[in-house]
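Novice: Provided herewith is a single structure, encoded as structure tokens, for subsequent inquiry.
Where a number appears in this text, it was derived from the coordinates with a stated rule and is not lab data. Here the structure is a predicted model, which is why all the values come from computation and not from measurement. Virtual Cβ from ideal backbone geometry, glycine too; neighbours counted across all protein chains shown.
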Amino acid sequence: MTDADAPITRKTLLDVRLAEVKNTHRIEVRRIRIMPGHAAGAHLHNGPVIGSIEAGSVWFQVDGEPESLLRSGDVFFEPEATRIVRFDAGEDGVTFLGYFLLDAEQEPEITFTDA
């Protein structure tokens with residue numbers, strides 16, 4: 001039987017290791033939309049963020065890594081306290097889900113940095 005014939009298939013899309021053990025008490029999921037051609041700006045988060053693109057596209061780059069164009073169905077990882085150099089919506093804009101891993105008393109925060 002091929003994957004096309006199987007009633008259920010599973011494919012790993014992302015498997016990352018956290019720099020440190022994260023005491024996670026909750027996960028907040030947000031649907032975020034960025035208008036066409038808008039650059040979110042260089043930033044970092046106070047906890048790890050995992051995301052999946054629902055629609056559109058975005059230019060994504062973690063500091064020190066190559067940039068990539070993410071499209072619908074692609075996933076990404078923003079490590080805690082690591083600068084995200086680019087998160088720039090494509091010509092159709094982008095809608096994505098962001099999963100914020102949080103400890104018991106933590107709220108998700110974003111800090112904008114110089115480009």
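Novice: How big is the chain on each of its three principal axes, counting only the C-alpha atoms and giving the largest first in Å?
Specialist: The Cα atoms of the chain stretch 51, 37, 26 Å along the principal axes, largest first.
Novice: Just to check I understand the Karplus step: with θ = phi - 60° and J = 6.51 cos²θ - 1.76 cosθ + 1.60, what whole-Hz values come out for segment 28-42, glycine and proline as x?
Specialist: 9, 10, 10, 9, 10, 10, 10, 5, x, x, 7, 9, 5, x, 4
Novice: Mind checking the dipole of the chain: about its Cα centre, +1 per Lys or Arg Cβ, -1 per Asp or Glu Cβ, Debye to the nearest 20?
Specialist: Roughly 240 debye, rounded to the nearest 20.
Novice: Arrange the following residues from fewest to most other Cβ atoms within 10 Å of their Cβ: Arg33, Arg26.
Specialist: Arg26, Arg33
Novice: Continuing with the same structure: Most fluctuating residue of Leu13, Leu97, Leu44 in a GNM of the chain with Cα springs under 10 Å: which is it?
Specialist: Leu13
Novice: What relative contact order, as a whole-number percentage, does segment 26-112 give when Cα pairs under 8 Å and 6 or more residues apart are counted?
Specialist: Relative contact order, segment 26-112: 47 percent.
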